[in-house]
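For reference, the structure discussed in these notes is given below.
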Amino acid sequence: MKRQTSVLIGDILNDYIPRNSALGQGLLTARIRKAYSQAVGSQAAAATMSVSFDEGTLRCRISSSVLRMLLTSNKDEITKNINAILGAEEVQSLMFT
């Protein structure tokens, strides 16, 4: 029996789960949360109390006001890094509260 080339499970999910379905939106939100953690670093990710994504807007609730101001001043760069990690322009705006 000849072995076929391997395929990543993420590629299969993207092919078979409609993006506009609830499951597709949930998977996208999970990918965006992971990309956010990578883009801001572990210390800022640990200070982030909640992350939500809806219609192109990523909303992040930060526990430290000093960190919130630092992240707000760098939000364009963070948005660019998140989209680079995702490989698509998913996040249009980023809000820190």
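The values are calculated or read from the model by the stated rules, or taken from the named source; none is laboratory data. Since the structure is predicted, the reported quantities are computational estimates derived from the model, not experimental observations. When we count neighbours, we look across all protein chains shown, and the Cβ atoms used for this are built from the backbone with ideal geometry, even at glycine.
With respect to residue 52, is the statement that it is of a type in the set (Gly, Ala, Ser) and either at positive phi or in contact with a Ser or Thr (Cβ under 9 Å, 6 or more places away or on another chain) (or both) true? Yes: the conditions hold for residue 52. When 87, 26, 56 are screened for being out of contact with any Leu (no Cβ under 9 Å at 6 or more places or on another chain), in contact (Cβ under 8 Å) with a residue 24 or more places away in the chain, loosely packed, with under 15 Cβ neighbours inside 10 Å and not hydroxyl-bearing (Ser, Thr, Tyr), only 56 passes.
Restricting attention to the range 72-95, the residues that are touching a Lys or Arg at 6+ places or on another chain (Cβ under 7 Å) and farther than 13 Å from residue 34 by Cβ add up to 2. Filter the range 40-66 down to residues that are of a type in the set (Val, Ile, Thr) and in a helix (DSSP H, G or I) and give me whichever is farthest from the chain's Cα centre (by Cα). So, considering only residues that are of a type in the set (Val, Ile, Thr) and in a helix (DSSP H, G or I), the one farthest from the chain's Cα centre (by Cα) is 66.
Would you check if there is a residue in the range 67-81 being among the polar types (S, T, N, Q), assigned to a strand (DSSP E or B) and exposed (fewer than 15 other Cβ atoms within 10 Å of the Cβ)?
Checking the range 67-81: not a single residue is among the polar types (S, T, N, Q), assigned to a strand (DSSP E or B) and exposed (fewer than 15 other Cβ atoms within 10 Å of the Cβ).
Inspection of the range 20-27 identifies at least one residue that is under 21 Å from residue 95 (Cβ atoms) and either of a type outside the set (Ser, Thr, Tyr) or over 12 Å from the mean Cα position of the chain (by Cα) (or both).
Residue selection: residue 37 fails the criterion of being within 11 Å of the chain's Cα centre (by Cα), modelled with pLDDT of 90 or more, surrounded by 12 or more Cβ atoms within 10 Å (Cβ to Cβ) and in a strand (DSSP E or B). When we screen 93, 37 for residues that are free of Cβ contacts under 8 Å to residues at least 60 places away in the same chain, touching a Leu at 6+ places or on another chain (Cβ under 8 Å) and of a type outside the set (A, V, I, L, M, F, W, C), the only hit is 93. As a summary of the residue check, residue 20 satisfies the conditions (1) in a loop (DSSP other than H, G, I, E, B); (2) touching a Ser or Thr at 6+ places or on another chain (Cβ under 9 Å) except for the one numbered (2).
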